[in-house]
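J.: The structure that follows is given in the form of C-alpha cells.
The values are calculated or read from the model by the stated rules, or taken from the named source; none is laboratory data. Keep in mind it's a predicted model, so treat the numbers as computed, not measured. Reconstructed Cβ throughout: ideal geometry from the backbone, glycine too, with neighbour counts over all protein chains shown.
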C-alpha cells in the first residue's frame with residue numbers, strides 16, 4: 001500500500017523528524033543534526049520564520065513502511081519582496097523510488113496551487129536563511145556545519161518529478177596546503193595602503209545587540225540584488241544571534257571598519273559537525289560531555305555569512321576578512337576553511353575564493369517548476 005499522510009499528530013511529527021536518522025543510517029558522510037534543533041526549526045511558536053509563513057508537512061509510505069517526507073511552504077515575505085506567487089518545498093528526503101517522489105511533489109503542488117501559488121522552488125528548510133539546496137557533487141566529503149548531505153540519486157528523482165535546475169550554489173575549500181600565503185599577504189598590504197583607516201576587529205559578543213544591528217544593515221544592503229534574497233528581519237536576526245552566540249568564536253567573526261564606520265562583516269563558525277557526528281543527534285544524557293570533549297579537536301571552520309557594502313566592493317576587503325579568519329585558524333590548529341555557499345552567478349566572490357587558494361569541493365542545487 002502506497003500513500004501520503006498529512007502530518008497532524010504528535011506521533012506523525014515524530015515520524016517526520018526521525019525519518020532522516022533511519023534513512024541515512026548506513027551513510028557514513030551524513031551528519032545527524034541535533035534533534036532538539038530540528039524540533040525548534042519546525043515549531044511555529046519557536047521559529048520566527050513562521051510569523052510570516054505557513055507550512056504543511058507530509059509523510060510518504062510504501063509497502064507499509066515510511067518512504068519519504070516533504071514540506072509545502074509559503075513564505076509571504078519572499079512573495080511580497082519579489083512580487084511573486086512562489087511556493088517552496090523543504091525537508092525533502094525519500095527512498096530511491098521515482099513513484100514516491102512523484103507522489104510527494106504531486107501533493108505539495110496541489111497544496112500550493114490551492115493557495116494561489118504559481119511557481120515551486122526549493123528546497124528551503126524552511127526558509128532561505130536556513131539550509132537550502134540538494135547536494136549534486138562532492139558526495140565523498142562530509143558537510144560543514146549547517147550544510148546538508150544527500151543521497152546521490154536525489155537529483156535524478158527530482159528531475160523525474162518534473163523539476164528543473166534554478167541555480168547552483170558552490171562550497172569552496174581552502175586548506176593550509178592550498179592557501180597561497182605569500183600572494184594573500186601581499187594583497188593584504190596593498191589593500192591597507194589603498195584604504196587608509198581600514199581596520200578589522202572581532203565581533204564583540206558583550207555588545208551583541210549593537211553588532212547584530214550592524215550585521216543586519218550590511219547584509220541587507222550587500223545582498224539585496226542577489227538571487228533569492230529577502231531582507232533579514234529583526235526577529236530572524238535576534239533568533240540567529242542567540243544561536244550564533246552559543247557557537248561563534250571571535251577569532252573567526254569580524255567587522256571591517258573605515259575610520260570607525262562599519263563597511264563589511266564576516267562570520268565563520270567552528271565546524272561543530274565534527275562533534276555532532278559522534279552524538280547521534282542527541283545532546284542528553286551524554287552528548288553534552290562529548291560536545292565539550294571533542295570541541296577542542298575541531299580543525300575546520302566555515303564562513304557562513306559575509307557582506308560588503310556595495311560602495312566598498314572590489315577593493316579587497318572581503319579577501320582581508322577571509323585572510324584574518326584563516327590566519328587565526330592556522331595559529332589555533334584549524335587547517336581547513338569552507339566558504340559556502342557561493343552563488344554560481346557571484347563571479348566576484350568566486351574570484352576571491354580562488355585567489356586565496358580555494359578549490360570548489362561541493363555543489364548544491366536549487367530547483368524550480370511552474371505550477
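J.: Within the range 333-348, take every residue that is more than 17 Å from the chain's Cα centre (by Cα) and under 18 Å from residue 253 (Cα atoms) and give me the one that is surrounded by the most Cβ atoms within 10 Å (Cβ to Cβ).
T.: Across the range 333-348, the extreme among qualifying residues is 334.
J.: Just to be sure before I move on: is residue 218 modelled with pLDDT under 95, within 20 Å of the chain's Cα centre (by Cα) and either surrounded by 19 or more Cβ atoms within 10 Å (Cβ to Cβ) or more than 23 Å from residue 312 (Cβ to Cβ) (or both) in the structure I sent?
T.: The answer is no for residue 218.
J.: Restricting the range 133-151 to residues that are in contact with a helix residue (DSSP H, G or I) (Cβ under 8 Å, 6 or more places away or on another chain) and in a strand (DSSP E or B), which is surrounded by the fewest Cβ atoms within 10 Å (Cβ to Cβ)?
T.: Ranking the qualifying residues of the range 133-151, first place goes to 136.
J.: Then there is this: I need every pair where a residue in the range 63-83 that is without any contact (Cβ under 8 Å) to a residue 12 or more places away in the chain has its Cβ under 8 Å from the Cβ of a residue that is surrounded by 17 or more Cβ atoms within 10 Å (Cβ to Cβ) and part of a strand (DSSP E or B), sequence separation at least 6 or different chains.
T.: These pairs meet every condition: 79/86.
J.: Given the conditions (1) farther than 16 Å from residue 368 by Cβ; (2) more than 15 Å from the chain's Cα centre (by Cα); (3) not in a strand (DSSP E or B), and given that residue 157 satisfies all but one, which numbered condition is not satisfied?
T.: (1)
J.: Also: Report the residue count in the range 31-51 for those that are more than 20 Å from the chain's Cα centre (by Cα) and either outside any loop (DSSP other than H, G, I, E, B) or outside the structural domain of residue 21 (by TED's automatic domain parsing) (or both).
T.: Matching residues across the range 31-51 total 1.
Conditions tested, residue by residue: (1) within 19 Å of residue 41 (Cβ to Cβ); (2) at pLDDT 95 or above; (3) assigned by TED's automatic domain parsing to the domain that holds residue 231; (4) out of contact with any strand residue (DSSP E or B) (no Cβ under 9 Å at 6 or more places or on another chain).
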position	(1), (2), (3), (4)
79	no, yes, no, no
83	no, yes, no, yes
90	yes, yes, no, no
93	yes, yes, no, no
97	no, yes, no, no
102	no, yes, no, yes
112	no, yes, no, no
119	no, yes, no, no
122	yes, yes, no, no
